[in-house]
Amino acid sequence: MSLLAWLHDTAFSEMMRDSTWAEPIVETIHVLTLTVFLGFVLLLDLRLLDLAMPRRRISVLFEQLNPGLFGGFAVMVVTGVLLFSADPIAFYSTLFFKLKMIMLLLAGLNVLVFNFTLGRRLADWDLDPRTPWGAKAAGIVSLVLWVGIVAAGRGIAYALPPP
Ligand code: HEM
């Protein structure tokens, strides 16, 4: 809490709170980037579930979408931290913010587990007519977590303590 109190008292945090345009501009970028980022996530997860682009090789899809995915994620994190810095104690006090951060970590863990298991042997199953169950499970976990992250992100504004 002392770290959050320190952040709250910085000139930058005050500027984010008092400026007319800073927060709306950052939040707009947070939401617009979300549409691109989640669009790519959805495409990949539906492919892993054999529900979209069945003839498109997964390795090719990763190659094509990864730059947008990582770039989009980086923008989400930067704009998210900027939003958070406007009122860190209030945002941190909401259950939605804590749930969102936990789900973000789990979504990252899901990608790591996939990359270190099936992802490493992608060439073995990349051309198979159907993806292995492990890939489907990774796709389902990803979809559920990202829907949860968006819902929690949306819920933050409703759970903030009165100013
Ligand atoms: C890729 C990851 C992320 C996704 C998909 C995401 C998604 C969202 C969504 C959908 C909203 C609601 C926007 C609205 O209602 O207008 C939101 C708000 C918010 N996000 Fe994120 N977010 C992400 C990362 C982060 C990170 C890393 C942080 C901070 C460390 C963060 C902090 C916030 C805050 C503080 C709000 C509330 C803003 C407000 O209501 O004033 N987000 N996020």
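The values are calculated or read from the model by the stated rules, or taken from the named source; none is laboratory data. It should be emphasised that the depicted structure is a prediction, and the values quoted were computed from it without experimental measurement. Note that we place each Cβ from the backbone using ideal geometry, even for glycine, and neighbour counts take in every protein chain shown. When the accessible area is computed, the model is the full protein with side chains, heavy atoms only, and any ligands, DNA or RNA have been set aside. Shrake-Rupley method; radii C 1.70, N 1.55, O 1.52, S 1.80 Å.
Of the residues making up the stretch 1-29, those that are open to solvent by 40 Å² or more (accessible area, probe 1.4 Å), hydrophobic (A, V, I, L, M, F, W, C) and within 22 Å of the chain's Cα centre (by Cα) are Ile25, Ile29. Output yes when any residue across the stretch 124-146 is within 21 Å of the chain's Cα centre (by Cα) and acidic (Asp, Glu), and no when none is. No, the stretch 124-146 contains no residue that is within 21 Å of the chain's Cα centre (by Cα) and acidic (Asp, Glu). Restricted to helices (runs of 4 or more DSSP H) entirely inside the stretch 37-138, those with at least 3 residues that are surrounded by fewer than 19 Cβ atoms within 10 Å (Cβ to Cβ) and more than 10 Å from the ligand (Cβ to nearest atom) are 58-86, 95-116, 122-125. Do the conditions hold for Val60, that is, is it modelled with pLDDT under 95 and not aromatic (Phe, Trp, Tyr)? When the stated conditions are applied, Val60 passes them.
When Leu34 is tested against (1) of a type in the set (A, V, I, L, M, F, W, C); (2) under 23 Å from Leu4 (Cβ atoms); (3) buried (at least 17 other Cβ atoms within 10 Å of the Cβ), just one condition goes unmet, and that condition is (2).
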